[in-house]
Structure formats: C-alpha cells, structure tokens
1. Report the charge-dipole magnitude of region 12-157 in Debye, nearest 20, computed about the Cα centre from +1 at each Lys and Arg Cβ and -1 at each Asp and Glu Cβ.
2. Using the Cα gyration tensor of region 12-74, with a ≥ b ≥ c the square roots of its eigenvalues, what is the shape: rounded (a/c below 1.5), prolate (a/b larger than b/c) or oblate (neither)?
3. Counting pairs of alpha carbon atoms under 8 Å apart in space and at least six apart in sequence, what relative contact order in percent does region 38-89 give?
4. Taking θ as phi - 60°, what are the ³J(HN,Hα) couplings along region 38-51 by the Karplus curve (6.51, -1.76, 1.60), each to the nearest whole Hz, with x for Gly and Pro?
5. If Lys and Arg each add +1 and Asp and Glu each add -1, what is the summed charge of the other residues whose beta carbon sits under 14 Å from the beta carbon of ARG150?
6. Past 29 Å, Cα to Cα: identify those pairs from LYS80/LYS118; LYS118/LYS161; LYS142/LYS169; LYS20/LYS68, in the order given.
7. Please report the relative contact order for region 66-119, taking Cα pairs under 8 Å with a sequence separation of at least 6, and give it as a percent rounded to a whole number.
8. Kirkwood hydrodynamic radius (Cα pairs, Å) of the chain?
Amino acid sequence: MTASTSSSLSSQPCPCGSGKTFSLCCEPVLSGKRIAATAEELMRSRFTAHVLQDYAYLHRTYLPTYKKPYVAEPAGEPIKWRRLVIHAHDAGPKPDTSTVDFSAYFDEQGSEQVLHEKSEFSRIDGNWIYARTVRHGPAPIKSATPKVGRNDPCPCGSGKKHKHCCLAKA
C-alpha cells in the first residue's frame, strides 16, 4: 500500500464494510500500527488488502508464508473486489482458533460474482493469521424438523409405522 493510496482513503468508508472510515478501521492494521484484535478484524483487513492490492500484507497474514520473506511476483489482472459481508465469527475448538464465515463480492466481466467461504484463523504469538479454508460455499441447510425413524408412527397420521407406510412408498 502506498502512502498516497492510504492518505486518499483515510476519510473514506473502509472497503471492508465495517461502517467506519478507513483511518479508524483497517488502515492502522495494514500499516502495522496495531494488530488485529480478532479473527474477524483480520478477515476485514485481508479483504481491504485485496482491494488495495497490498500483497505484502496478505503474505504476512497467511499461515504458510507469514514467517518467510516477501518477494513480489508479477501480478496478473487484479480482481475488482467490491464488498464484504461477514455472516458469522465463531470461536474455534481451541482457545487460539476462530472461524469467519463470509461472502466477498467481486466483478468478473461486468457481472457481480461471490466467493462464499468459511475460513479458519489461528492466533500465533498474539497475532491472528489466516490458516485455511474450512468450507467453500454457504453452510449446509439443516432441517428444522427431526428425522422420522423407521419404527416411529408415520407423520401422515395413518396410525401405521413409518416403515410400513410412507417410507415404503418413497
């Protein structure tokens, strides 16, 4: 991120969609003035880094590369990231892990596309780091009604066991 990019964005709404200005949201995290306090905050700063094409920051906050020196590589056509929606931020099974379920919207050939993902983050030496993708796409839909067992009464109200009624017809 260049100084001119940073200063021109400081009073603008942050690209991560937090509702704060860039100077009060992702700018201090991207510049290294402070660390991300939560996995969600790191996710927001990483999205903003994608928008600003700050590949060094993305390198520093990705588990396989965070300890390695950054070497700039020739970049192809940049993706035009538009907006970020955080669906959930949950603590993981271990104290220093967390997951963030999000949708990141981008333009591809003039139409809006979406990357929906659930990602895992790890806190290492006090810093949140993007570890891995847990799931691509939205969460599976869970049925609100309990599953009917074979020997349960049939839900159609016939009085027969489910296995001798509607289950047999399925």
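FYI, it's all coordinate maths here, none of it is from the lab. Owing to the predicted nature of the structure, the values given are computational and were not obtained by experimental measurement. Please note: Cβ atoms are built from the backbone with ideal geometry, for glycine as well, and neighbour counts cover all protein chains shown.
1. Around 340 debye, computed over region 12-157.
2. The shape class here is prolate.
3. Once divided by the residue count of region 38-89, the mean separation gives 39 percent.
4. Coupling constants for region 38-51: 9, 5, 4, 5, 5, 4, 4, 5, 5, 4, 4, 4, 5, 4 Hz.
5. Taking every Cβ under 14 Å from that of ARG150, the sum is +4.
6. LYS118/LYS161; LYS20/LYS68
7. 29 percent
8. 18.7 Å
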